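Chemist: Got a structure for you, written out below as structure tokens; questions coming shortly.
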């Protein structure tokens, strides 16, 4: 039985990686289940055993991509004891990731339309937004923002960060857009959190 479970997990991981590559390169609308089947050499039944629909496959890809992004942000801000410095560093790292095809296509462009706003926000709450909220809450604990404003400020920062990420992702000159985006986000954080 353990060998069967291991094979099932390996198959699921293979499908996820293959679908991630396809969705990132082509976008959700231009990637068919047939494309995934051809790239994985699986039968339709085997694929649907793991993912009952194309939307559920995309949702799993989004969850995995968000988890990867969160890990990158944690690594970038590791060792920073000041929550504002950690927040700035995490935002900088996210803006840099926005220039990557996978993040741009899966997280910024396709996710809201494919899984819907509610599911997209639930997934992000487990990853990126959750980290942002914890940083703002830590700043509140230090007296840098009123406690009752933590959620509102975290949502404001998230909205600003996503808009800047889209700006970076779609810019002709990504290097300049990234530089300006980082500076703007840094100023916003400074003004909102008094740092």
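Chemist: Helix 83-97 versus the longest principal axis of the chain: what is the Cα-based angle in degrees, 0 to 90, to the nearest 10?
Modeler: With rounding to tens, the tilt is 40 degrees.
Chemist: Among 33, 84, which comes first, then next, by fewest other beta-carbon atoms within 10 Å? Can you show the working numbers first?
Modeler: Values: 33 15, 84 22.
Ordered by Cβ neighbours within 10 Å, fewest first: 33, 84.
Chemist: Quick check: pseudo-label points 7 Å beyond the Cα along Cα→Cβ at residue 180 and residue 149, how many nm apart are they?
Modeler: Distance between label points: 2.8 nm.
Chemist: Another question, then. If I model a spin label as a point 7 Å beyond the Cα along the Cα-Cβ vector, how far apart are those points for residue 166 and residue 74 in nm?
Modeler: So the two model labels end up 2.9 nm from each other.
Chemist: Return the Rg/Rh value of the stretch 114-190, two decimal places, where both radii are evaluated on C-alpha atoms and Rh is the Kirkwood radius.
Modeler: 1.03
Chemist: Another question, then. In a solvent-free Debye calculation with one equal scatterer on each Cα, what is log10 I(q)/I(0) for the stretch 2-193 at q = 0.13, 0.14 Å⁻¹, listed in the order of the q values?
Modeler: Results for the stretch 2-193 at q = 0.13, 0.14 Å⁻¹ read -0.73, -0.82.
Chemist: For every helix of n ≥ 4 consecutive DSSP H residues, a contribution of -39,500 (n - 2.57) applies; sum these over the chain, divide by its total residues, and give [θ] at 222 nm rounded to the nearest 500 deg cm²/dmol. Don't skip to the answer; put the middle values down first.
Modeler: Working: 9 runs with 150 residues, N = 195.
So the helix-based figure for the chain works out to -25500 deg cm²/dmol.
Chemist: Mind sorting 56, 96, 175 by how few other Cβ atoms lie within 10 Å of their own Cβ, fewest first?
Modeler: Numbers: 56 13, 96 18, 175 10.
Ranking 56, 96, 175 by Cβ neighbours within 10 Å, fewest first, gives 175, 56, 96.
No lab work stands behind these numbers, since they all come straight from the coordinates. On a predicted model such as this, the values are computed, not experimentally measured, just so you know. When we count neighbours, we look across all protein chains shown, and the Cβ atoms used for this are built from the backbone with ideal geometry, even at glycine.
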